[in-house]
Structure formats: structure tokens, C-alpha cells
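Bear in mind that the values in this text are calculations on the coordinates, not laboratory data. What you are looking at is a predicted structure, and each value in this text was computed from that prediction instead of being measured. So basically every Cβ, Gly included, is an ideal-geometry build from the backbone, and we count neighbours across all protein chains shown.
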Amino acid sequence: MILPVPTAHYMALSVLIFCCGAFGVATRRNPIVMLMCIELMLNAANLGFVALGRHFGDTGGQMLAIFVMAVAAGEVAIGLAIIVALFRTRETIDVDRVDSLRL
Amino acid sequence: MGSAIIFWILATIAVVTAAMTVLNRNPVRGALMLVAHMLTLAVMYLTLSAQFVAAVQVIVYAGAIMVLVLFTIMLLNLGVTGGGIRSRGAGFVLAVIGALTLTLAMVGGSVWRHGLAPMKATAESLERGGTAQAIGYALYDPELPWLFPFEVISLLLLSAIVGALVLTRRRSE
């Protein structure tokens, strides 16, 4: 049996990608790019799930990854619908200028 | 040794494409970088012997979701003007500090501080752990907790379809 790459390496990579996504959500002003950064974070979580599933010899990690993908599909459909509706009513989607809900 | 080399190559590509997704001013280029990132992760799932998840990753993420995102970017036709990165002010500094702290806290707290339990994977689970057959048996096994979430997911996707239709409907009667 080939010695597999340690799980800690995969977890560190997952954390790195997650933080890339979190940084993007915090700094980008285009909501579509923010949505893509959220996808990046979900992907990172998936990588962690699958790596830990392999670590413990359990299919549960891969199952959770599949459920996360299904939820991400629903989330991106709703998010893009909100962005399209926003663009129709406001003619802009810059999140700094869409602040009617701000106190 | 070979698997380690493959891991480092894939990890480099994954981090670079993720960073370019975040930093690219042009949303279309960012989306294409995200597609490359997702394909890289699919190959990484193959190295983790999760074949079915790799296939679903290519079909659902790189296929369906990214087509939807690219379609919306081109439909709204915002070009580069849709807002770049907030590169000035306290918000940017806070975001950098926050991301670094998050990285250190998660790596340090989860892996280095406590360490992982010893690996329980067997040669059998590495060999056949992620095939469509293994996933299917586990998904529909009444002894395992995955059947009910699977049914609930269908309800969630249905409500997402209805929600997207309601949100994008034109209100002009």
C-alpha cells in the first residue's frame, strides 16, 4: 500500500482556501463575486469533509460533501435571483450603494 | 512519494486559482478561475479515493453552478465596473487581519494543537470507499442517518426553484 498524504496537509489546504473565500466576501463589492467566494468557502469545507472521511474510513464525510453541494446549488440559484431582482429595481448591484436595510 | 508530489502540485494550483478568483477585477475571469479551482479539487477528490464526489463536483459545481453564475454575469453585463476590491481604509486592513487570524486559529487550533486521531482507514476503505456503489449503499441504508436528509434535500431544491421563480418574476400587471 502506498503511504497516503497526511490528512493534516489536506486540512491546512482547506483552511487556506476557506480564508481566501472569507477575505473575498469581506473585501469585494460585486455581489456575484461575493457569491463565488462563498462557493470557494463551501468547496474548502467539502475538501475537509472528504479528507476526514478518508481519515476515519467512513463514507459519512463524502455524504456530507454531497449534501453541501446540493445546498450550494439551491443557495446559488436564490442568490443570483436576488441579484437579478436587485439589478432590475436599482440599476446597480454595488453592495456599498444598496444599503436601504442599513440602520 | 508520487502521491505527495501530485498533492503539492494540485495544492499550488488550487490556492493560486482561489486567490485569482478573489483578486481578479473582471468577474468573468474570476468565474473561469473558479472553474479551474473546482476541477483541481475534483482531481484532489480522486486522490482521496472519493470517485463519486469527484464526478459530482465536475457535473454540479463546474458544470451547473458555474454556468449559472457566468450566465448571470453576462446577462447583467456589468463589465469591470461592477465594483472591484475595497483596497483602501480600515475595512481592508480588518479583512486582512481577520483572514490571517482565522487561518492561524483554525490550523493551530484543530491540527497542530491537538493533533488528529490515528488514521483508521484500511486498504479496503481506501480502495472502494468512494465508488458510486459504496455511496449508494450508504445513502439508502436505513441503519445510517443519510436517508432522511436525502429526502429533505429534494424539498429544499423544490423550494429553491419556486423561490428563484418568484424572485425574478416581473411585477407588471
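Rounded, prolate or oblate for the range A:7-90? Axes are the square roots of the Cα gyration tensor eigenvalues, ordered a ≥ b ≥ c, and the cut-off for rounded is a/c under 1.5.
The shape class here is oblate.
Per-residue Cβ counts within 10 Å, from other chains only, averaged over A:80-87: what number is that?
Per residue, the number of nearby Cβ atoms from other chains is 6 on average.
With runs of 4+ DSSP H residues as the only contributors, calculate the mean residue ellipticity of the protein assembly as shown at 222 nm using -39,500 (n - 2.57) per run, divided by the residue total and rounded to the nearest 500.
Values: 11 runs with 191 residues, N = 276.
It lands at -23500 deg cm²/dmol.
Pull out a ≥ b ≥ c, the square roots of the eigenvalues of the alpha-carbon gyration tensor of the range A:1-47, then state rounded if a/c is under 1.5, prolate if not and a/b is larger than b/c, and oblate in the remaining case. If you can, show how the numbers build up before the last one.
Working: a/c = 5.28, a/b = 3.09, b/c = 1.71.
Because a/c hits 1.5 or more and a/b exceeds b/c, the range A:1-47 counts as prolate.
Give the Rg/Rh ratio for the protein assembly as shown, taking Rg as the radius of gyration of the Cα atoms and Rh as the Kirkwood radius, to two decimals.
Numbers: Rg = 19.7 Å, Rh = 19.8 Å.
For the protein assembly as shown, the value is 0.99.
In whole Å, how far is the Cα centre of the range B:1-48 from that of the range B:137-173?
For the range B:1-48 versus the range B:137-173, the Cα centre distance is 29 Å.
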